[in-house]
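Once you've had a glance at the structure underneath, I'll fire off some questions.
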Amino acid sequence: MTQVNDQILVGGEWRQGRGAPVRPLDPATGRELGCLSGASAEDVADAAEAGARAAADPAWRGLPPHERARYLYRIADLIERDTDRLSALQTANTGKTRAETTALVKSAAGTFRYVGATLETAEEALTPSRGAYLTMSVHEPIGVVGAITPWNSPIASEAQKIAPALGGGNAVLVKPAEWTPLIALELGRIATEAGLPAGLLSVLPGKGSVVGDAIVRHPLVGKVSFTGGTATGRNIAHHAADKLMPVSLELGGKSPTIVLPDADVEQALAGIMFGIFSSSGQACIAGSRLFVPESMYQEFVGELVRRTEKLAVGPGTDPTTRVGPLVHPKHRDSVAAYVDLAREEGGRVLCGGRAPEGEAYAEGAYYLPTVIDGLDNTARTCQEEIFGPVLVCLPYRDEEHLVELANASVYGLACGIWTRDARAAWRLARRIEAGTVWINTYKQFSSATPFGGFKESGLGREKGRDWIRAYQRQKSLYWGTDEAPLPWAVG
Ligand code: NAD
């Protein structure tokens, strides 16, 4: 049984939150993992004030970047030391398989290391002088930033915000998703153990409409980095506009995964299944719309369905499991409602389309991997993000038809292309409206490569050498080089 410690991290102090309780579940069994005190708006205010003090303290603000990097390296080492424990906790709270949660923990450690390395090598610019002065462009911390994360990839999502926010010289208030608060609190413990000065990191679980909203609106919070649904992101952007505060938004997706006639079929099938069914489809970048040429449609989709029916569904703790439970029974119900909608819209459910039967699944939030076709591209189930193990398949006539269908979406997060034809891959990769395009691979991430969405999939980028810049303010300095006074006021 997982031990849940009922304390949250507010401005450097571990204490009981003053907000509504948070009750994380194990979605494989439906059992509560414990009850912890959520944060209140007052806790957010305390955290913001302590954060502002800690960020302004010369002991932090005056620290050269390579010394800030040391904290990030220490945190990375401690995350790695605790990989097993963190992976087990994450599997208990999200239902993901141990292989997936181990990869997420390692990716979080990698994020802290990569950001540390960019800190050691980030340069300020001496810009070309255009007068009797030297000009410099430098970057400074914002002060206190908010980091609001979703439930689908905890630890990786939090690390992607905490590392560059601290690296940029700020204090950070983290608000994890209500269903998955446990790992963020563990990160708080690790940062404390790493000796991070008190107040620089607060972890504030609770309801988005209370705790998240209080973070976004707090006058001391100078930037919010948000990952989550598009509707929530839009709401946060409205509040940010009122404060004229910068926001980064990593939002939803309905990403096309495209088979070209010359694709390596084995590679395409494996990649498409991984792209939609790993993490039970609960990934912003899930390849949830499959496009196949009319000429090979029946055969390709038939084989995909045969293989999908064989995927092992079970608890994340079973090493043979490929598809774990969904994160929460309420989310499973939402996915099931979308499949019912697909039926009403005229779709044919080729496999799945229901919860698995049997005692082993009775209490968990399971749903079978599902393949649907026969829908028009304008159907809601082809346009809206389902965020579960549900793939819609659509045939296309030629490249023009394909591009038109693939780009007919409010989203633009990712795309997969399966082909041996390098020229066709290049052409398509440049024509599809998506922030990331994978060619003959899918769902791969590199800290060194910027990530973010087009259209309603988001604003701003995470990762890459400029990662910390999203958490800093740019300042220009002019150093006069003339000994004489400026001529205008000379008597
Ligand atoms: P969500 O938008 O419901 O919640 C995300 C976070 O925002 C949670 O912590 C929530 O408590 C908080 N929140 C909710 N209302 C708020 C408010 N009014 N003010 C401030 N904060 C508020 O999303 P979710 O259901 O937790 O996650 C799934 C969504 O996240 C999907 O749409 C998915 O595509 C998206 N996502 C995007 C990326 C990306 O990088 N683009 C990555 C992962 C998930």
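It is to be established whether one or more residues within the stretch 431-441 are within 16 Å of the ligand (Cβ to nearest atom), touching a helix residue (DSSP H, G or I) at 6+ places or on another chain (Cβ under 7 Å) and free of Cβ contacts under 8 Å to residues at least 40 places away in the same chain. Talk me through it step by step, then tell me what you get.
Kept after step one, since they are within 16 Å of the ligand (Cβ to nearest atom), are these residues of the stretch 431-441: 433-438.
Now drop any that are not touching a helix residue (DSSP H, G or I) at 6+ places or on another chain (Cβ under 7 Å), which leaves 433, 437.
Next, only the ones that are free of Cβ contacts under 8 Å to residues at least 40 places away in the same chain stay: 433, 437.
Within the stretch 431-441, one or more residues are within 16 Å of the ligand (Cβ to nearest atom), touching a helix residue (DSSP H, G or I) at 6+ places or on another chain (Cβ under 7 Å) and free of Cβ contacts under 8 Å to residues at least 40 places away in the same chain.
Output the residue which, of all residues in the stretch 132-157 that are part of a strand (DSSP E or B) and among the β-branched types (Val, Ile, Thr), is farthest from the chain's Cα centre (by Cα).
In the first step, residues of the stretch 132-157 are kept if they are part of a strand (DSSP E or B); the result is 133-141, 144-148.
Narrowing further to those that are among the β-branched types (Val, Ile, Thr): 135, 138, 144-145, 148.
Working: 135: 37, 138: 29, 144: 20, 145: 17, 148: 10 Å.
That would be 135.
Also, quick follow-up: So which residues in the stretch 161-216 are polar (S, T, N, Q) and more than 13 Å from the ligand (Cβ to nearest atom), if there are any at all?
Step one: of the stretch 161-216, the residues polar (S, T, N, Q) are 170, 180, 192, 202, 209.
Matches in the stretch 161-216: 170, 192, 202.
May I pose another question? Could you give every pair whose Cβ atoms fall below 6 Å, whose first residue belongs to the stretch 193-212 and is modelled with pLDDT of 95 or more and of a type in the set (S, T, N, Q), and whose second residue is within 12 Å of the ligand (Cβ to nearest atom) and in a strand (DSSP E or B), counting only separations of at least 6 or pairs across chains?
202/173
Now for a different question. Against the condition assigned to a helix (DSSP H, G or I) and at negative phi, how does residue 311 come out, does it pass?
Numbers: assigned to a helix (DSSP H, G or I): no; at negative phi: yes.
No.
Restricting to the stretch 217-242, what's the tally of residues that are under 18 Å from residue 171 (Cβ atoms), within 11 Å of the ligand (Cβ to nearest atom) and of a type in the set (Gly, Ala, Ser)?
1
If you scan the stretch 69-88, which residues turn out to be within 19 Å of the chain's Cα centre (by Cα) and closer than 17 Å to residue 153 by Cβ? Can you show your working first?
Filtering the stretch 69-88 down to residues within 19 Å of the chain's Cα centre (by Cα) leaves 76, 79, 86-87.
Of everything in the stretch 69-88, those that are within 19 Å of the chain's Cα centre (by Cα) and closer than 17 Å to residue 153 by Cβ turn out to be 79, 86, 87.
Give the residues of the stretch 375-392 that are touching a Cys at 6+ places or on another chain (Cβ under 9 Å) and either of a type in the set (Gly, Ala, Ser) or within 14 Å of the ligand (Cβ to nearest atom) (or both), sorted by residue number.
Here is the first cut: in the stretch 375-392, the residues touching a Cys at 6+ places or on another chain (Cβ under 9 Å) are 375-376, 385, 387, 392.
Within the stretch 375-392, 385, 387 meet the criteria.
Look at residue 224 and say whether it is within 17 Å of residue 179 (Cβ to Cβ) and of a type outside the set (D, E, K, R). Break it down stepwise before answering.
Values: within 17 Å of residue 179 (Cβ to Cβ): no; of a type outside the set (D, E, K, R): yes.
For residue 224, the condition - within 17 Å of residue 179 (Cβ to Cβ) and of a type outside the set (D, E, K, R) - is not met.
Just to be sure I understand, how many residues within the stretch 324-363 are touching a residue at least 24 places away in the same chain (Cβ under 8 Å), under 23 Å from residue 298 (Cα atoms) and assigned to a loop (DSSP other than H, G, I, E, B)?
Here the count works out to 4.
Still on this structure: Here are the criteria: (1) farther than 23 Å from residue 72 by Cα; (2) touching a helix residue (DSSP H, G or I) at 6+ places or on another chain (Cβ under 8 Å); (3) of a type outside the set (Gly, Ala, Ser). Tell me which single one residue 235 does not satisfy.
Going through (1) farther than 23 Å from residue 72 by Cα; (2) touching a helix residue (DSSP H, G or I) at 6+ places or on another chain (Cβ under 8 Å); (3) of a type outside the set (Gly, Ala, Ser) one by one, residue 235 breaks only (2).
What number goes with the only condition from (1) over 16 Å from residue 460 (Cβ atoms); (2) more than 7 Å from the ligand (Cβ to nearest atom) that residue 245 does not pass?
Looking at each condition in turn, residue 245 falls short on (1).
The values are calculated or read from the model by the stated rules, or taken from the named source; none is laboratory data. Being a predicted model, the structure only gives us computed values, none of them experimental. Glycine also receives a Cβ, built like all others from the backbone with ideal geometry; neighbour counts cover every protein chain displayed.
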